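Here the structure is laid out as C-alpha cells; the discussion comes afterwards.
The values are calculated or read from the model by the stated rules, or taken from the named source; none is laboratory data. Since we're looking at a predicted model, the values are computed, not measured. When we count neighbours, we look across all protein chains shown, and the Cβ atoms used for this are built from the backbone with ideal geometry, even at glycine. The area values use the complete protein model at the heavy-atom level, side chains included, leaving out ligands, DNA and RNA. Shrake-Rupley method; radii C 1.70, N 1.55, O 1.52, S 1.80 Å.
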Amino acid sequence: MSVNQPTHTGPPYGQPQPGYGGYLPPGYGGQPIPTVPTSQYGAYNGPMTGYPQTAPPQGYFPSMGFPSKGSPVSLDSDASFTPNFIGSLRAPTTSGAPASASGTLVPPGQPAYSQFGQGDVRNGIPASTAPLQRPPASQQFMPGTTPTSATQSATFQSFGPPPTSTQQLTNHMAGMHIGGASTSVPSPGVLGYGPPTSVPPASGSFTSSGSGQYVPYSNQGPPPPAVPHGLPPTTLSQGVPMAQPAISGPPSALNLSHQAPGFAPPPSSSGVGASNYPPAAGVSRPPPMQGSSLPGQAATGPLTSQPNHVTSPPPQPAMTGPPLGPPMAGLQGPPPSHPSQPGYALQQNGSFGQNRGTQPNYGPAYPGPANYGSQPGPPPPPPPKRLDPDSIPSPIQVIEDDRNNRGSEPFITGVRGQVPPLVTTNFLVKDQGNASPRYIRCTSYNIPCTSDMAKQSQVPLAAVIKPLAVLPAEEAPPYLVDHGESGPIRCNRCKAYMCPFMQFIEGGRRFQCCFCSCVTEVPSQYFQHLDHTGRRVDYYDRPELSLGSYEFLATVDYCKNNKYPNPPAYIFMIDVSYNAIRSGLVRLICEELKTLLDYLPREGNMEESAIRVGFVTYNKVLHFYNVKSSLGQPQMMVVSDVADMFVPLLDGFLVNVNESRTVFTSLLDQIPEMFADTRETETVFAPVIQAGMEALKAAECAGKLFIFHTSLPIAEAPGKLKNRDDKKLINTDKEKTLFQPQTNFYNNLAKECVAQGCCVDLFLFPNQYLDVATLGVVPHQTGGSLYKYTFFQVETDQERFLNDLRRDVQKEVGFDAVMRVRTSTGIRATDFFGAFYMSNTTDVELAGLDCDKTITVEFKHDDKLSEESGALLQCAILYTSCAGQRRLRIHNLSLNCCTQLADLYRNCETDTLINFLAKFAYRGVLNNPVKTVRDTLINQCAQILACYRKNCASPSSAGQLILPECMKLLPVYLNCVLKSDVLQPGAEVTTDDRSYIRQLITSMDVADTNVFFYPRLLPLTKIDPNSDSLPPAIRNSEERLSKGDIYLLENGLNIFLWVGANVQQGLIQNLFGVASFGQISSNMCVLPVLDNPFSKRVRSVIDLFQSQRSRYMKLMVVKQEDKLDMLFKHFLVEDKSMNGGASYVDFLCHMHKEIRQLLS
C-alpha cells in the first residue's frame, strides 16, 4: 500500500468488486437497475482510488481500520445491560441468551426499505412502525464467514482474491465502525494515532507516544466500548436500537462491539451475534469520491474565489485500472449509498438509511472489470450491524439542553467555582464579585489540591482571558475608578490590586492579601469602618470591593518615561504594485477610507476621535504624503533608500481627520490615478513596517499600521523573502519548517514595534504563495490581526473585505499594553498562548490589544491548595485607551479546590478545554512533527478519560466507554481538531492557508473555536418566517441532509447555503429570484433582496450570524453535486474526511481502545 495514500476503500465508479457475481452497483444514469433497491446517495468521503498499491507491510490487515502487530480477533460486549442514557430502549434482550438460539433481535419500527419519496431525509433514520420479518436463525453465519488467517488478509491487493466475508467487504468499504469491524488502513504519515507507551506530561514538550498507528484490540484484551457520563454507568447491548439522542444526565455507556472481520464468530454467551442478517440482493461497494475529475471529466467553471482558508480542489491525477464508464461533466456530487439491509443498514459514514433512486448525471454502470486470474469468491455474507449514530453523544443535544436549562436565568457570579453556561447559550451575567465568563473561562472550575492529582487526571488547568471583551447592551461595562494621585490600592509584597477577596482586619486599618497573605496598611484616605460581618461599610459603593471586573485610572507612575501618553495614531499603508492596481483593490480602499475615517474609535462622550491618521503608498519604494490642513493639495515625498528607512516629514504626516478632510480626500482621489499605469510588480515589506514605526516614534505616540499587501516581498530590501513552499515536506520531520518564519529579521522587527507600541494589522490579497508564516510574525507578536483574501476579486470579495476593514478600524483597542496574571499561593501561571510578545516569564506585552483577542494562560501547582480557601486568579492589564488615557483593567476569579477527582470531572468545561488543546497543538507544530502533535493530543485525552473511568465511574464491563457528563463531547470535538487543516491537510490546502488558520486560532475565544471546529448547520426550510426563533440545528453529517431542503452552515469564516437538488421551485424563486435549481448561480456572494417573508427571514438569520462573529463570513452558495459540494462536505465534521480523518463513530471506537489499553 502506498505510504502517502490511504488504502482503497472501493473500486472506481461503477465497478463491482471482483468475484461478486450478479451484484451490480446502482446505475448512475438516473434509471434504477434491477436487483438493486433504489438508493439515495450516502455520504462517501473515502479516499481516492487509482493509486497503485503494493502489498501491505507486515502486520497490516486491510480489512481492519488500523495497522496491527497481532491478528484481529472478534470481541463482543456483555449482553446484560441496564437502561441506557440515550433514552428508553425499545427491545430489551434477555441476559446472556445465545444469539443463534432465537434468531436475531430486530429493532421494531424500522422498515426494510424506504417508504419516503426522493426529496426526504437523506440517509436519515426511517420512522415507521412496520415490524420487520425476523430472518431465520439458520442464516446467522453465511458461506464465506469461515475464519481466515492473518496471512491471507495480508496479501490482499487491488485486484486480488475477494474478501472472504462480509465483514471484510464492508470493512474494506467503510472506516472502523462501531458495532462492526474496522477498515481502511491509514497511511502512517497521515492518520497517526498511537497507543501510548509512556505517559507524557499534560502539556509542555511533545513526546512521541507509541507507534502512532491504530492497533486493533489484542486477543487477550477485555471486550470493547460504551459511552457514559458521570454516575452509575448504564450499558447498551449491541442488538438493541436506540430511540432518542443523548441527553445529559447520569453517566452514559455504549457497548461498542468490534467484530473482527473474517474471524471466529462471537462466543455464544453474547446477547446478539455480529452477523445475523441475510445479505440484501445487490450489495455493492460505495464508489469512491474525492472531489476530483474522473478521466474524461472536465472540472467546469472558473476557479472560484475561495473562503479564507480553502482553495478550490485542483484536478487530481487520472485513476489507473480498467476504463471507467462514459465521461461525466463537472465535479459530480456524492455517489449512491449502500443498498439497505433489513434492520440496520450499513452506510459508508456510519448511517442508517433508506434507499433512493440512482442519481441524475451519472453514467450507466460499468459492466465489471476482469478478474485478473483470481477465482470468483462465494456470495458475501451480511455486514455486521452498526451502532446508531443517534446513540452517541450529540453536540446539538448538549447545546440545546444547556440553552433550555440555563438560558432563562441570569448567571450570578457571586458563588465561588461556578461553571458558567456554554458559550452557545444566550444568558445575562450579573457581576457579584467574580469576572464574567465573557472575560474569563476556565478548563475547570474545581482544581485539584495537589500536583500529583493534577498529573494523574491530565486535565490541563487553564484560563482563556479576553480582557477587553465587548459586553451585550444589557450588561454594564466595567466601572472606571479614580483614586486620584495616590493611584490604586495594592498589596505591598505581590503588588496585587484591591479586589473583593482582600480581607480587612484591625477594624479596617489594614488588609491581608488574598494572594500572598501579606498584611498592608490601608492609606488614610481609603480607610472605612467595618460592619458586624467584617465587611467595609462602603462595600457596595466601591466597584473594586464588590465586583469581579473594574478599571482604575492609572497615574503618571504607570506611564512610559513618567509622562502621560499622546493619543494614538492610525497609519494606512497601501501596496500600489501592478497586482493591487489591476484587481481594483487600490481604488476600493481609497473610496472606503473617505467615509470610514469618520468612524474612528472614540471615548464614550467625545465629539470626535482623538486618533490622528497618516497615509503611505509603496511598491519597491515608499511614498509619504503631507496632508497638512493648510495645504491646497497633498504633497508626495518618495523614499527610495529602503535599506535605511527614515520618515521624510514630521509636520503634516499625522493629522486630525476633520481639520485635513479636504486635503486627504483629494489625496485618496488621486492615488488610483497616479499609479494607474504602473508596471511595477515587485514589492518590499519590512521597510513599510519600519517606516510606520519610525513615524510613531517621531510623533511620540503608540498606534496601529493598517497594511494592505499583495505579493511575496522579493525586491532588494531588508526582510526580502524567497519562495520556499514545498508540499513534499508534508508528513515529514521537516514539515514544521513550513510553519516557522524563514528569517529572524521579522522577530527582531516585532520586538522593536512592541517597544514603540506599534501594532500591525495586515490585510493580504495573494494570488500565489506569500509566506504567511513569515509575514504574519509582526502582526502576531504586536497583538495585531491578520486577514487573507485569496484570489481577491472586487465583485465577489468586496463585501467581506470592506466589512472586515470597517470593523477593524472601528473596534475598541488598547495600546502599549502589559498584562500580568497573579494567582494565590499553590498555583502559578506557567505558559501563555496568543498574539503577543514576552520579554520575561511573567509579563505579556502587547503593542495593541483589541476586543476580540484572547490570551490563554496555563497554570501549574507549586504547592498544595486547600479546599477551604480555594484558588484565586487576578488578571491586570495596563493599557492606553484610544483617547490617550492610561488605564488598568482588573479581572478577578475564584475557583474551588478538590481532593476528589470526581469533583474535578464534574466541573470541567469542554469548550474551553478544546480551545486550549487546539492552541497547545497549533503551537506544537512549530517544533514537532505533526504526527507527534496528533499522538500527544490523543494520548492526553485518552488519559483524561481513562483516569475518570478508573477513579470515578462505578465498576462495569470493560466493553463500556464511560465518559464524564461534562466531557461527553470531548471525543467528537477532539476529532474535529485532529481533522483540521493544520493537523491533517487535504491536498488542496495550501501552506499559507495552514499558517493563516494556525495564527487565527491562537488568539480566538471559546465561542469562535467552538463554531470553527464544529460548525453550526441549520435547515432553512424549517424556518418560521413569522417568528424570531431559529430552527433546531442538526448534526454535521451528510446523512442528516435531505435533497428537498436548503441548509445554512457557518464556521466563523464562511457561510454556506447548500441547496438540495429536489428543493421546491417556489422556495428557489423566493430565495434566489430564479425559476429553477439549474439557474441558481454558484458565484452568488450575496442573496438578492426580495420582498417575501422567506427571503427576509433567511437574510435576517445571516445578518444575525454575521453580527455574532468577529470577522465577516463569506457567503457561498453550494448546489448539490456542484463543484463546491466537496468543499462543503469538508465541514461535515462527523463524517470521514477525504484526507483520511476518522468519522466520529470510528474515532470514538479508537479512543475507547486507547483508554482500555491504558487501563490494562
*Magnitude of the Cβ-charge dipole of segment 774-898, K/R +1 and D/E -1, about the Cα centre, nearest 20 debye?*
280
*asked:* Straight-line reach from Lys734: which lysines fall under 19 Å, measuring Cα to Cα and dropping same-chain residues less than 8 apart?
replied: Lys722, Lys931
*In segment 403-474, what percent of the accessible surface is made up of carbon and sulfur (1.4 Å probe, ligands and nucleic acids excluded)?*
48
_Suppose every Lys and Arg Cβ carries +1 and every Asp and Glu Cβ carries -1, with no other charges. What dipole size does segment 823-879 come out with about its Cα centre, to the nearest 20 debye?_
40
_Two-site label geometry, Gln635 and Gln1079: point separation in nm, points 7 Å out along Cα→Cβ_ = 6.0
*Go through 932-939, 534-541, 508-515 and give me the packing order, highest mean Cβ count within 10 Å leading.*
932-939, 508-515, 534-541
_With only alpha-carbon atoms in the gyration tensor, what are the semi-axes of the equivalent ellipsoid for segment 728-884, in Å, largest first?_
33, 22, 15
*Label point 7 Å out from Tyr479 along Cα-to-Cβ: which residues of segment 851-890 have amide N under 17 Å?*
888-890
*In straight Cα distance, which aspartates and glutamates are under 16 Å from Lys727, not counting same-chain residues fewer than 8 positions off?*
Glu735, Asp771, Asp981, Glu988, Asp992, Asp993
_Set of segment 675-698 residues, backbone N closer than 13 Å to the point 7 Å along the Cα-Cβ line of Leu649_ = none
*How much length is gained on full extension from Leu1104 to Ala987, taking 0.36 nm per residue of separation minus their Cα-Cα distance?*
38.8 nm
*Can you send over the solvent-accessible area of Lys620, 1.4 Å probe, protein chains only, in Å² to the nearest 10?*
80
*Looking only at segment 674-699, which residues have a backbone nitrogen under 17 Å from a spot 7 Å from the Cα of Val794 in the C-beta direction?*
674-678
_For segment 773-863, the spread of Cα positions along each principal axis, largest first, Å_ = 60, 26, 19
*Would you list the P(r) distribution for segment 673-805, with all Cα-Cα distances sorted into 5 Å bins from 0 and each bin expressed as a whole %?*
2, 10, 17, 20, 20, 16, 10, 4, 1, 0
*Identify all lysines with a Cα-Cα distance to Lys1043 below 27 Å; exclude those on the same chain that are fewer than 8 residues away in sequence.*
Lys385, Lys979, Lys1022, Lys1096, Lys1114, Lys1119, Lys1123, Lys1129, Lys1136
*Put +1 on the Cβ of each Lys and Arg and -1 on the Cβ of each Asp and Glu in segment 1116-1160; which of Leu1148, Met1116, Met1126 then has its Cα farthest toward the positive end of the dipole?*
Leu1148
_Net length gained if the chain between Gln900 and Thr830 were fully extended (0.36 nm per residue, minus Cα distance)_ = 22.8 nm
*Given 0.36 nm per residue, what is the gain on full extension from Lys727 to Asn840 after removing their alpha carbon distance, in nm?*
37.1 nm
_So if the hydrodynamic radius of segment 933-1038 is defined as the Kirkwood radius over C-alpha pairs, what does Stokes-Einstein give as its diffusion coefficient at 20 °C and 1.002 mPa s, in µm² per second?_
127
*Take the alpha carbon gyration tensor of segment 380-469, find the square roots of its eigenvalues, order them as a ≥ b ≥ c, and report rounded if a/c is under 1.5; if not, report prolate when a/b exceeds b/c, else oblate.*
oblate
*Under a plain spin-label model, where a point goes 7 Å from the Cα along Cα-to-Cβ, how far apart in nm are Asn1062 and Thr450?*
6.3
*Order these peptides, 1108-1117, 429-438, by their mean beta-carbon neighbour count within 10 angstrom, highest first.*
429-438, 1108-1117
*R0 of 30 Å, Cβ-Cβ distance Ala755-Thr681: FRET efficiency to nearest 0.05*: 0.30
*Separation between the Glu591 and Tyr564 pseudo-spin-labels, each 7 Å from Cα along Cα→Cβ, expressed in nm?*
4.2
*Which of the peptides 639-646, 898-905 is most tightly packed, and how do the rest follow, going by the mean number of other Cβ atoms within 10 Å of each residue?*
898-905, 639-646
